[in-house]
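A short write-up of the structure that comes next.
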Ligand code: SF4
């Protein structure tokens, strides 16, 4: 990681602004979970006093900042995680520069516009360069949308591949032009593949900390053709206006706005069932109550804690769920 120019962040933010400022965006979640030994980041957080009984994504983010010497972090203090405010205070205490960013819960356009302007100023991003980046990044997002379509429509992209391409849209691996070339290569290769068989299922909730969830589902007769949050990270309802683009993004604005999007995708993708992933010690677990009640297809709730493979009990539950869907 280039320590001088890397700007870490705790969840999806208007990444165009970081690119336009000449810095390199880095989604701390992605560094944590794609490391060959993500446990080392959790261990670092616990060594520094983080309790066992808290979300391991938060500990992972903290561990990455400390271990990789990231010196500037954009912390999304509203619209993502109830722990981020406290995390940002700890980071500040440790000498890290923290830039706060907030998505207004009520999707107030004026407030979001002000937040975007504040971030642009904080990073000294040039408005003209931002307009150029905005336009170029649209091309990357259309390729990501194509990969998504190739998952549920053409059925040549696996759920895990879909997850990875979309979840990494938050920072585009720090170089959107290179990410675009990689996506184009991937599309060309995937177009030559045979159709994947399996019952169409979807994944909703925060991205999984579990390492083999998609592979397990797909080796047991299901094809994950929808990744709710990851797809939102790639901003599927695009717009030429940056404020509108981030108002269309469902994830920060509460459960009911998300449900409207999920319901549309259930129909469009002909989903037979959903996995609702919840993270141990996350407040979002409570959303399960509403999701289960409002969505009219079968939902299985899967909880993860550490970046590990599925345990036997969860495997048995998922197997039984897929079998039940097959029998319907
Ligand atoms: S899983 Fe929940 S508690 Fe953990 S970082 Fe995400 S929103 Fe926060």
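Brief remarks follow.
- Scan segment 178-193 for residues that are closer than 22 Å to residue 239 by Cα and under 20 Å from the mean Cα position of the chain (by Cα) and the total you get is 3.
- Restricting segment 51-64 to residues that are in contact (Cβ under 8 Å) with a residue 12 or more places away in the chain and more than 10 Å from residue 10 (Cα to Cα), the residue that is nearest to the ligand (Cβ to nearest atom): 55
- Residues that are touching a helix residue (DSSP H, G or I) at 6+ places or on another chain (Cβ under 8 Å), more than 14 Å from the ligand (Cβ to nearest atom) and either outside the structural domain of residue 214 (by TED's automatic domain parsing) or in a helix (DSSP H, G or I) (or both), drawn from segment 264-302: 265, 268, 290, 291, 294
- Scanning segment 246-264 for residues that are more than 26 Å from residue 58 (Cβ to Cβ) and surrounded by 20 or more Cβ atoms within 10 Å (Cβ to Cβ) gives a single hit, 247.
- Failed condition for residue 82, given (1) within 30 Å of residue 241 (Cβ to Cβ); (2) at pLDDT 95 or above; (3) within 16 Å of the ligand (Cβ to nearest atom): (2)
- Helices (runs of 4 or more DSSP H) enclosed by segment 129-228 - at least 2 residues per element that are within 24 Å of residue 297 (Cα to Cα) and either in contact with a helix residue (DSSP H, G or I) (Cβ under 7 Å, 6 or more places away or on another chain) or more than 16 Å from the ligand (Cβ to nearest atom) (or both): 159-167, 213-218
- Residue count for segment 1-26, restricted to those that are over 12 Å from residue 62 (Cα atoms) and either modelled with pLDDT of 95 or more or within 16 Å of the ligand (Cβ to nearest atom) (or both): 18.
The values are calculated or read from the model by the stated rules, or taken from the named source; none is laboratory data. Because the structure is a prediction, the values reported are computed rather than measured. Virtual Cβ from ideal backbone geometry, glycine too; neighbours counted across all protein chains shown.
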